[in-house]
Each structure stands twice: as structure tokens, then as C-alpha cells.
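Every read-out reported here was derived from the displayed coordinates using simple, explicitly stated rules and does not represent laboratory data. Computed from a prediction, not measured in an experiment: that's the story for all the values here. Here the Cβ positions follow ideal geometry from the backbone for every residue, glycine too, while neighbour counts run over all protein chains shown.
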2 protein chains.
Amino acid sequence: MALTRKGQATRERILQAATEVIARHGVAGTSNEDVRKAAGISGSQLYHYFDSKQALIRAVITRQAEVPLVPGQPIMGALDSFDALQAWADAAIEHQEHNSGRGDCTLTSLAGELSPTDEQTREDLCNAFQRWQSLLRNGLQAMHERGDLRPEVDLDELSMAMLAALQGGSLLSQTLRTAEPLRASMNAALAYVRSFAA
Amino acid sequence: MALTRKGQATRERILQAATEVIARHGVAGTSNEDVRKAAGISGSQLYHYFDSKQALIRAVITRQAEVPLVPGQPIMGALDSFDALQAWADAAIEHQEHNSGRGDCTLTSLAGELSPTDEQTREDLCNAFQRWQSLLRNGLQAMHERGDLRPEVDLDELSMAMLAALQGGSLLSQTLRTAEPLRASMNAALAYVRSFAA
């Protein structure tokens, strides 16, 4: 369905509202009615854009996947140097520090809430995680080709370990409500990357 | 409330059933009625042991926290040598390999499903994560005192980074349905620990 500019704006307003409601109450605690109210639209308007809660959640996941790795930082350069990776880690930790004490609508929490039987939503999450892994992998590959990383480095494993550090650190930080777990996991991941410096 | 031996067995049967139902359907998709049926008991019996869904979920979390880091391995020795840590990582990866393709009722997924406003359940999860971190920290501290790790190592950061690697790797492995993310994150975490070898 091609949307007019106004339609795109309404759809975006719904997704923004849904993201905020989910951040506060979790997926299970969010009804279409909550989203409708938060977006300030009618039920039939909501239905026009998203005909089920699942369709809405899937669109939230796809939208969150477009936020490159650090919420609140929609634009991020290539992660293709030790300095750029450090800046990325610092930004993630800073974001967590400002968000400690309240929920955050991240792919991490969406993945945790995923019903094991909802195959379509799982595939959306897989795509989102794989997109993030490629952002990391592309940067590492550029470093590898430039000779910054030793020839024998396994780029798939390294980028996956970095993504896991981000996800695990975020999950623990959100639960424990302190940025320390994320700081620890990102420090460890970056030290691991640096251990492959040529 | 002190339980008789029979009462303890019934309570344990309910928790086992709840853990299995949650593994298949997630917390949101699990009703008390589902648990009652799976445990083969009456509604009044269930209510006798757990008077709300929240009470049941909290007990599941506390019980899962007693499973020391690798589900299916109720007994685990001290993680106080590089070999013991490697064996722990290998067991976690092997468990994930056998569980790929189906849900798992882990603290990782429970934490992800946590409603940001359920403060009591969040505290139970914090206790569980902190208990796991201490298991790791105690092992690392023994290695440190024995002189296996360099004096300047930050044991809090190191144990937290390992826990984050386990959680992040498990979350990605459960979503992507392959053990590779956990393998990558555990390899990275153990390499980081080894980088502090004296």
C-alpha cells in the first residue's frame, strides 16, 4: 500500500506512540486501545494502518532496526576504526546512563518478550539483529582490509560477539537499572577486538 | 508457610509445569489455567500455593536462579580455573545446541518479558542475576588469590562481562535459533579472561 505524505506521517506517529507505550508497559501490557489514545487517532484510523496487534509490533521491530545500534542516534558513521568503535560503545553507555531507571523499547526487550510460537515476529527480529551485525561486520571488514586487524580474525564471530555484548549488557543494565553491566560488556568486547590489532 | 513433604512436592510439580508452559508460550501467553492443567491439579490447589500469576512467576524466577548458569546442569563445581570456565562455556553452548529451535524458559527471556512497572518481579530478577554474577566472581577471585590472574584485574567488571556474554549470546541464539551467537560471545568472554592471565 503506497501512502501519501500525510499517511506516512500518521503511520510514523502511530509507531512512535506504540514504541513509547511499549517502553513503559511491555508488549504484553500494551493494547491497541492504549496505542490509539497515545497517538490521538480513531480506532478505524489505527486499523487502516495496522489491522492487528501483531502487525503493529512487527512494524515497531522493523522501525527499531533502523535505529543504528544506539537509540537516539539515528545517524551513525561507519564503525571502521578503533576510535569509531570506542565512540559507539561510549554512546551506548551514555544512552544507558540516561535511561537507567526506566524501560526502553529496544530489540533486546522485544526479543525477550517474543512468544516462542510467533514465527513471523521472530523472523523480523532475526532480520533486525542480522542488520545490526552487518553494520558491525562491515566496519570490521574495512579495518581488516586496511590491515588494522590481523589476517586470521573471524569477522563473523567478532561482530556477533560485539552484538551479544551490546544485547546482554543492555538487558542486565535495564534489569539492574545501572549502566555498569553495559560498561563492563562493552569494555570486554572492545578489548577483544583490540586483541586482534595488527 | 511451612510445607509438608507432600506439599513441597506439589509446589515443585506446579513450578516445573509453569516453567515448561512458559518455555513454550512465554509469560504473556501463559494463564494460571494452563499451569493448573499441565500440573494436573485443581484450581483451589494452585491458589493454595500461588495466589496470583505474579506470585507464580516470581517463584519460577527464584527457582531458575538456583539452576547454576547452565540449565540441565543442577550441580556445577566452582568456576575457579581457566579449565573450569572453559567447561562451563562448553556446557552452555552444548545446551544451546540441543535447544535451538525451541523456546527455553531462561532468566534471559523472563527479563525481556518483564513489565517495566513490575517492581517486585524486577527485584527477583536482580537477585537472580546477582547470584549468578557472584558464582562467577567467586571463581575469578579464587584464581586471583592463587595468582592465576594479574593483580590489577577488576573482578566485578570481569564477572559482569561474562554474565552479559552469556545473556546476550543466549538471547541472540534463541532468536536466531543457532548456537553460533552464544559460541561467539563465550569465546570472546573467555579470551578476555585469559588476557588477564598472570
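Plainly put, the tip 7 Å out from Cα toward Cβ on B:Asp90 is 4.1 nm from that tip on each other copy, the closest given first.
Projecting 7 Å from Cα along the Cα-to-Cβ direction, the label point of A:Gln8 sits 6.5 nm from its equivalents in the other copies, listed shortest first.
Given +1 at the Cβ of Lys and Arg, -1 at the Cβ of Asp and Glu and no other charges, the dipole of the protein assembly as shown around its Cα centre is 1200 debye to the nearest 20. Would you mind checking the tilt of helix B:53-65 against the longest principal axis of the Cα atoms of chain B, expressed as 0 to 90 degrees and rounded to 10? Long axis of B:53-65 versus the principal axis of chain B: about 30 degrees. Just the number, please: Stokes-Einstein D of chain A in µm²/s, Kirkwood Rh from C-alpha pairs, 37 °C, 0.692 mPa s. Diffusion coefficient, whole number: 182 µm²/s. Any chance you could give the angle, 0 to 90 degrees and rounded to 10, that helix A:5-25 forms with the longest Cα principal axis of chain A? Long axis of A:5-25 versus the principal axis of chain A: about 70 degrees. The distance linking the range A:1-38 with the range B:133-170 is 42 Å (Cα centroid to Cα centroid, whole angstrom). Panel note: the C-alpha atoms of the range A:156-198, placed on their principal axes, show extents of 37, 17, 6 Å (largest first). Direction-averaged projected area, Cα convex hull, the range A:5-51: 2.9 nm², rounded to one decimal. Between the Cα long axis of helix A:155-176 and the first principal axis of chain A there is an angle of about 60°, rounded to the nearest 10. Over all distinct Cα-Cα pairs of the protein assembly as shown, the Kirkwood formula returns a hydrodynamic radius of 22.0 Å.
Once divided by 2.2 N^0.38 Å, the Cα radius of gyration of the range B:120-193 becomes 1.23.
Amide H contacts for A:Leu149 (H built 1.01 Å from N in the peptide plane; partners 5 or more residues away or on another chain; cut-off under 5 Å): A:His144, A:Ala198. For the protein assembly as shown, the number of Lys pairs separated by eight or more positions or lying on different chains, with C-alpha atoms closer than 25 Å, is 7.
A point 7 Å from Cα along Cα→Cβ stands in for B:Gln130, and the other copies hold the same point at 4.1 nm, listed in rising order.
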